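The values are calculated or read from the model by the stated rules, or taken from the named source; none is laboratory data. None of the values given here were measured: they were computed from a predicted structure. As a convention, Cβ positions derive from the backbone with ideal geometry for all residues, glycine included, and neighbour counts pool all protein chains shown.
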Amino acid sequence: MKIKNSRKRYSEEFKINALKLLDESNRNQKVLVAELGISVVTLGQWKRRYGTAVVEARLAVGKKGRNSGDPAAGAFECVRLQRELDHMTRQRDILKKGIGHFQPATTTLYEIISILHHPIAEPQTPDPVAYCIAECCEALEVSRSGYYDHLAKPERLRRQQN
C-alpha cells in the first residue's frame, strides 16, 4: 500500500512570479497569499530561497538559458556564485572555530600540514590530492617559517619513546 504525498508542488516559474507580484504590487502579503492559495510560510520560504536579485535575474534570462551570453544570464550566474561562496565561507569558518575549540598544539597543526602535503593513498581515494604548504599554513593560520623550522628539528626523545 502506497501513501500519496498530498503536498502541493509549484513550478519554479510560479514561485518567481509570486515573488514578483509581491514586490511590484501594492497588495500586502496576506492578501496575495489568499489570492494565490498558498500559505504565508511557503511564500516566506520562497523569499529566502530565491531572494529578489535571483528573481530579477531569472526573469531577465527567461528561456534563453545561462550560457546565452546575455548580461542577465551573467547576473544570474553571479548571484549563484555569490551564494555558493557564502556557503563555503560559512563552512570554512565552522571548521576554523572547531579547530579553535580544540586548541591543538602548534606541532599538531604542523603534522596536519605534513599529512595534507603528503597524503597517504587509501582505497576510497586512489589519487589523493596533495595541498600546497603555503595554502595549508594560511588555512590553519600558522607561519610557513614555523612549519619549516618544525621539520628541521629532531624528534623529541619523549615522542620517540611513545
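General remarks:
- Among residues of region 77-95 that are assigned by TED's automatic domain parsing to the domain that holds ALA139, none has a beta-carbon under 7 Å from a residue that is exposed (fewer than 10 other Cβ atoms within 10 Å of the Cβ) at least six positions away or on a different chain.
- Residue match in region 31-51 (condition: part of a loop (DSSP other than H, G, I, E, B), loosely packed, with under 15 Cβ neighbours inside 10 Å and at pLDDT 80 or above): yes
- Matching entry among ILE3, ILE16 (being modelled with pLDDT of 65 or more and β-branched (Val, Ile, Thr)): ILE16
- Residue within region 56-76 that is surrounded by fewer than 11 Cβ atoms within 10 Å (Cβ to Cβ) and modelled with pLDDT of 80 or more present: no
- Where helices (runs of 4 or more DSSP H) fall entirely within region 105-162, those with at least 3 residues that are modelled with pLDDT of 70 or more are at 106-117, 133-140, 144-152.
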